[in-house]
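Beneath this line is the structure, given in structure tokens, with notes to follow.
Readers should treat all values here as calculations from the given coordinates under stated rules, not as data from a laboratory. These numbers come from a predicted model, not from an experiment. Glycine gets a Cβ as well: all are built from the backbone with ideal geometry, and neighbour counts include every protein chain shown.
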Amino acid sequence: MVVNSDNKNNKIVYGVVGAGWRAEFFLRIAREMPERFEVCGLVTRDEEKGRGIENTWGIKTYKCIDDLLKAENPGFVVVSVAKEAAPSIIAELAGAGVPVLAETPPAPDLEQLIKLNKLVKGAKIQVAEQYHLQPLHFARIAIANSGKLGEISQVQVSFSHGYHAVSIARKLLRVGFENASINAFEYASPIVAGPGRKGPPEQEKIVSVNREIALLDFGGKLVVYDFTKDQHRSWVRSIRVEARGDRGEISNSEVRYLKDFKTPIEYELKRKNAGEDSNLEGYHLKGILAGEEWIYVNPFIPAKLSDDEIAVASCLEKMNTYVKGGPDFYSLAEASQDHYLGLMVRKAIETKGPVLTKTQPWAEE
């Protein structure tokens, strides 16, 4: 199949495979910004879910990928299914010549990551790792990579699990496919249960949650990984992101650096929203100020989107650019490396000893 990425009215037109919680993010983007995005069809084998999608979202559903591709002309297809099912679907679409935007992670384990990378070599594939495109993370990475803080040698990430956290750490440190020595452990502690995917808790309940702590040493560049289960949804467990260089640091939203050896500069990353106080521009994120500089400007004004939805929409726009010949924004190789490192953190926890990573085929290529 030859995919035409120049779709009607210059909209970004894409298909979706999957009908779960995460797939709905890609549907919401199109609903909130119909002038820019359109879901041309969704594949699900579950008839009941299919009827629900059609009734709720007004999107035509199909029972298989072949039916979708015969009836529609997507610029690319989003694969938003369980990691166990993802490799075969990615391979099927790649074999049909269709560009793929895969959800994270693209495969469940190291063996299947290696197999998938070999199977789809040369195909048009990117991965929808959205965290580095969230406004605050984007701002932190921009400052860390600007040189103002000097050479970044230490990073702490405590906001999400595994590959998500590793992806931010690598970008803050500007680490590529270098190997690491990993030490890690975990312990359980009680906490009042917070909200989940279905919303706020219905009653007070004490649960036991595991906290993972790991040190990843990339030969003089250190990552401290710290994550408690469901921390990213918790109302009482804070997020911590730090990057330290020889001339300054970022600590969450606070930035400190030396203009010269005797002139310290300090400022806070400030979120600026429209619609507050007497502002009548509608309620949305305008961007993030770093002192007097707009370090991040929301590209989707005036849509009412959460930070995560802004990041997902950014993935879709960058995928559209990539399909038309633009650069990678998060390749299958990068996604594989981040998931591999996350798996090795888990291995270090389970073996209670240091783990040394090895250069994988996708890195060699």
Loop-located trypsin sites (Lys or Arg not before Pro) in the range 304-365, at most 14 other Cβ atoms within 10 Å (DSSP): 304, 324, 352, 358
List the aspartates and glutamates whose Cα lies under 18 Å from the Cα of residue 270, skipping any in the same chain that are fewer than 8 positions away. 242, 249, 254, 292, 293, 307, 308
P(r) for the chain: what percent of alpha-carbon pairs falls in each 10 Å bin, starting at zero? 5, 21, 31, 28, 13, 2, 0
Rg to Rh for the range 103-146: what is it, with Cα atoms only and Rh by Kirkwood? 1.15
Got a sec? How would 226, 246, 338 order by Cβ neighbour count within 10 Å, fewest to most? 246, 226, 338
Listing 12, 59 by rising number of other beta-carbon atoms within 10 angstrom, fewest first, gives 59, 12
Could you work out how far helix 332-351 tilts from the main Cα principal axis of the chain, as a 0 to 90 degree angle to the nearest 10? 60
Using Cβ counts within 10 Å as a stand-in for footprinting exposure, how do 186, 204 rank, fewest first? 204, 186
Once phi for every residue in the range 200-209 is put through the Karplus expression 6.51 cos²θ - 1.76 cosθ + 1.60 (θ = phi - 60°), the whole-Hz ³J(HN,Hα) values, with Gly and Pro written as x, are x, x, 8, 7, 6, 8, 8, 10, 9, 10
Beyond 19 Å (Cα-Cα) in this structure, taken from 148/262; 115/358; 318/358; 286/324, we find 318/358; 286/324
The chain: angle of helix 307-323 to the longest principal axis, Cα-based, in degrees nearest 10: 60
What percent do you get for the relative contact order of the range 132-303 when only Cα pairs under 8 Å and 6+ apart count? 23
DSSP beta bridges in the chain [antiparallel fraction, %, rounded to 5]: 70
If I fit a long axis through the Cα atoms of helix 86-95 and take the longest principal axis of the Cα atoms of the chain, what angle between them do I get, 0 to 90°, rounded to 10? 60
Just want the answer: with Cβ charges of +1 for Lys and Arg and -1 for Asp and Glu, which residue in 238, 263, 182 is farthest toward the dipole's positive end in the range 169-306? 182
Once normalised by the length of the chain, the mean sequence separation of its alpha carbon contacts under 8 Å that are 6 or more apart gives a contact order in percent of 18
A student applying the Cα gyration tensor rule (rounded when a/c is under 1.5; otherwise prolate if a/b is larger than b/c, oblate if not) would label the range 132-303 oblate
Of all trypsin sites (Lys or Arg not before Pro) in the range 124-178, which ones are in loop regions per DSSP and have a Cβ with at most 13 other Cβ atoms within 10 Å? 174
